[in-house]
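Read the structure below first, then the notes.
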Amino acid sequence: MFKFTAIALALVTLLLTLEVFGVRSTTAGEKPWPEWSTVTVTGEGILFACPQGDGELLSDKGLTITATLRTSLGYPVAGFPATDLWLIGCDSGLVICGSARPFEGATDVNGRILLDGRILASGCDNTGVRLVAQGITMQPCLPIQVRSADLKSSQGGCPGDALCPDGEVDLADFSFLATHYPSSGNPGASYFACVDFATPYGGSLGLADLSRFATHLSGQHRCNVP
Ligand SMILES: [Ca+2]
Ligand SMILES: [Ca+2]
């Protein structure tokens, strides 16, 4: 009897210690809480995206996102699947392709995960991106600008530099790029950052921007994820 009581007391003490030091892993179904979770990135950069999913990787630009997810009580969310994580534009400029999920793996016992992947998106957002975990938007806005090859629609469209992507890289997108591409027929083309798809960035568009776009136009790239 004494032995049983001693073991029970030891177990209770151990559990209390784990609770106090926050090493308890959560049970399945607990949600990450933005105020206790952290999201960081190794730097800043500009990422080219395509709704088909063959844009640039974060790591192509030397970027890795580290997320540490914790519950409303501050406990780590272990085993949280990366398929429940995705990025949105901080200024709502990106249209994410269906239920596309760019990341793989799961959080470790500390609720931590390193993220690399491509963004399956249309649109453009030069203000940055935020991580979303099971529909819950995390903070802060990370300094990663995203520019997709799909910015305009061939069905109806929209005027000037307004963006109205339709999920497909098509001639409407090419026509829009051409309005900002300097040429003998368009020497005074104005710079527009959302079509500046490749290095060097800034100043005016160049062959690298046109070439990158062209490979996605010729392949008839579109959002195929329902
Ligand atoms: Ca389009
Ligand atoms: Ca460029």
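Could you list, in sequence order, all residues of the stretch 194-205 that are more than 16 Å from ligand 1 (Cβ to nearest atom) and within 14 Å of A49 (Cβ to Cβ)?
Matches in the stretch 194-205: D196, A198.
Out of the residues in the stretch 145-162 that are among the small types (G, A, S) and part of a loop (DSSP other than H, G, I, E, B), state the one that is farthest from ligand 1 (Cβ to nearest atom).
The qualifying residue farthest from ligand 1 (Cβ to nearest atom) is G160.
If you take the residues of the stretch 164-216 that are without any contact (Cβ under 8 Å) to a residue 24 or more places away in the chain and either charged (D, E, K, R) or touching a Lys or Arg at 6+ places or on another chain (Cβ under 7 Å) (or both), which of them is farthest from ligand 2 (Cβ to nearest atom)?
The extreme case among them is C164.
Here is a yes/no grid of residues against (1) within 16 Å of ligand 2 (Cβ to nearest atom); (2) touching a residue at least 12 places away in the same chain (Cβ under 8 Å); (3) crowded, with 21+ Cβ neighbours inside 10 Å; (4) within 30 Å of A82 (Cβ to Cβ):
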site	(1), (2), (3), (4)
P140	no, yes, no, yes
P143	no, yes, no, yes
S153	no, yes, no, no
A162	no, no, no, no
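Can you report the number of residues in the stretch 26-35 which are at pLDDT below 95 and surrounded by fewer than 17 Cβ atoms within 10 Å (Cβ to Cβ)?
4
Any idea which of A214, A208, A189 is in contact with a strand residue (DSSP E or B) (Cβ under 9 Å, 6 or more places away or on another chain) and either within 16 Å of ligand 1 (Cβ to nearest atom) or of a type in the set (A, V, I, L, M) (or both)?
Result: A189 is the single residue among A214, A208, A189 that is in contact with a strand residue (DSSP E or B) (Cβ under 9 Å, 6 or more places away or on another chain) and either within 16 Å of ligand 1 (Cβ to nearest atom) or of a type in the set (A, V, I, L, M) (or both).
Please specify each residue of the stretch 36-55 satisfying the condition of being out of contact with any Pro (no Cβ under 9 Å at 6 or more places or on another chain), under 22 Å from A100 (Cα atoms) and buried (at least 21 other Cβ atoms within 10 Å of the Cβ).
L47, F48, A49, C50, Q52, G55
If we keep just the residues of the stretch 163-186 that are aromatic (F, W, Y) and within 16 Å of ligand 1 (Cβ to nearest atom), which is farthest from P51 (Cα to Cα)?
Applying the filter and picking the extreme gives F176.
Could you give me the residue pairs with C-beta distances under 7 Å whose first residue belongs to the stretch 84-96 and is free of Cβ contacts under 8 Å to residues at least 40 places away in the same chain, whose second residue is assigned to a loop (DSSP other than H, G, I, E, B) wherever it lies, and which are 6+ apart or on separate chains?
Close Cβ pairs satisfying both conditions: D91/T127; I96/L120.
Out of (1) within 24 Å of R112 (Cα to Cα); (2) part of a loop (DSSP other than H, G, I, E, B), what's the single condition that is false for L47?
The single condition L47 does not satisfy is (2).
Taking the stated definitions as given, is I96 farther than 17 Å from V41 by Cβ, buried (at least 21 other Cβ atoms within 10 Å of the Cβ) and under 13 Å from the mean Cα position of the chain (by Cα)?
Answer is yes for this residue.
Scanning the stretch 185-219 for residues that are at pLDDT below 95 and of a type in the set (G, A, S), which turns out nearest to the chain's Cα centre (by Cα)?
Among them, the one singled out is G219.
Does the stretch 158-170 contain any residue that is on the phi > 0 side of the Ramachandran plot and touching an Asp or Glu at 6+ places or on another chain (Cβ under 9 Å)?
Within the stretch 158-170, one or more residues are on the phi > 0 side of the Ramachandran plot and touching an Asp or Glu at 6+ places or on another chain (Cβ under 9 Å).
The values are calculated or read from the model by the stated rules, or taken from the named source; none is laboratory data. None of the values given here were measured: they were computed from a predicted structure. Cβ atoms come from the backbone with ideal geometry, glycine included; neighbour counts cover every protein chain shown.
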